[in-house]
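Peer 1: Here it is: the structure, laid out below.
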């Protein structure tokens, strides 16, 4: 009886050790190939651990990962590529990843002999004159002199400032929406479908994400969104 009990305990410990080894991160060596484009512009992000690295000039990279981790390959020059890591990937000399270059859409060229005639050349406005958004124009035109003083007392100025903030958030939201589809939020970031809209608003409140959206830095936006997804899910869990 004692021998049987010891055998069961021994087998249990062996199983736990094997499981721990299977879940242990290992250094994964991979290589990215593409028909064209700058491979060094590619960033590799482990969406589970949030660790990241870059691809060298030969297309090779190293990153810590384990089975069932999801790697995301992103660049301004290539289409996004996702790869789920499997146990057998460590038996390969290299994890081969093929990236697809983005197609370049050329702007429409319009030949206009009067192209140099504009408001600046005619002296209507100065070259360094600031261009205002609709909300900024409203706030600017209602802030000076007696009108500005009256608007301050009436509360209209505060309302216009709020309108400007709303416009800025709508601008950021408009830049963020095309970056990810619902499948990405649900399947990769694990955000429930009913909370996708709320998560988008949560993201644009972050100063770093706002800056990356304004500068069109997709790689940084992707990294920051993955990081905030973890925080957002913790908030949802606390509210339940």
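The values are calculated or read from the model by the stated rules, or taken from the named source; none is laboratory data. Computed from a predicted model, the values in this text were never measured in an experiment. In this analysis, Cβ positions are derived from the backbone assuming ideal geometry, glycine residues included, and neighbour counts consider all displayed protein chains.
Peer 1: Quick one: is residue 72 within 22 Å of residue 92 (Cα to Cα), assigned by TED's automatic domain parsing to the domain that holds residue 92 and modelled with pLDDT under 90?
Peer 2: Yes, satisfied.
Peer 1: Considering the range 221-240 alone, what residues qualify as being touching a residue at least 12 places away in the same chain (Cβ under 8 Å) and under 21 Å from residue 72 (Cα atoms)?
Peer 2: Hits for the range 221-240 are 221, 222, 223, 224, 225, 226, 227, 228, 229, 230, 232, 233.
Peer 1: Among the residues that make up the range 7-16, is at least one of them at pLDDT below 90, on the phi < 0 side of the Ramachandran plot and touching a strand residue (DSSP E or B) at 6+ places or on another chain (Cβ under 6 Å)?
Peer 2: Restricting attention to the range 7-16, the residues satisfying the condition of being at pLDDT below 90 are 7-16.
Those left that are additionally on the phi < 0 side of the Ramachandran plot: 7-16.
Now drop any that are not touching a strand residue (DSSP E or B) at 6+ places or on another chain (Cβ under 6 Å), which leaves none.
So far as the range 7-16 goes, no, none of its residues is at pLDDT below 90, on the phi < 0 side of the Ramachandran plot and touching a strand residue (DSSP E or B) at 6+ places or on another chain (Cβ under 6 Å).
Peer 1: Taking residue 191 and the conditions (1) within 21 Å of residue 43 (Cα to Cα); (2) modelled with pLDDT of 85 or more; (3) in contact with a helix residue (DSSP H, G or I) (Cβ under 9 Å, 6 or more places away or on another chain); (4) buried (at least 16 other Cβ atoms within 10 Å of the Cβ), which numbered condition does it fall short on, given that it satisfies the others?
Peer 2: Just one mismatch for residue 191, condition (1).
Peer 1: Of the conditions (1) over 24 Å from residue 229 (Cβ atoms); (2) outside any loop (DSSP other than H, G, I, E, B); (3) in contact with a strand residue (DSSP E or B) (Cβ under 6 Å, 6 or more places away or on another chain), residue 40 clears all except one; give me its number.
Peer 2: (3)
Peer 1: Under the condition of being touching a helix residue (DSSP H, G or I) at 6+ places or on another chain (Cβ under 8 Å) and either at positive phi or assigned to a strand (DSSP E or B) (or both), which residue from the range 81-103 is surrounded by the fewest Cβ atoms within 10 Å (Cβ to Cβ)?
Peer 2: Looking at the filtered set, the residue picked out is 82.
Peer 1: Return the residues of the range 199-213 that are in contact (Cβ under 8 Å) with a residue 12 or more places away in the chain and assigned to a helix (DSSP H, G or I); say none if nothing qualifies.
Peer 2: Listed by number, the residues that qualify are 199, 200, 201, 202, 203, 204, 208, 209, 210, 212, 213.
Peer 1: Specify the residue that is nearest to residue 29 (Cα to Cα); the eligible residues are those in the range 60-76 that are out of contact with any strand residue (DSSP E or B) (no Cβ under 6 Å at 6 or more places or on another chain) and part of a loop (DSSP other than H, G, I, E, B).
Peer 2: 66
Peer 1: Given the conditions (1) over 20 Å from residue 46 (Cβ atoms); (2) part of a helix (DSSP H, G or I), report the number of the one that residue 216 does not fulfil.
Peer 2: Going through (1) over 20 Å from residue 46 (Cβ atoms); (2) part of a helix (DSSP H, G or I) one by one, residue 216 breaks only (2).
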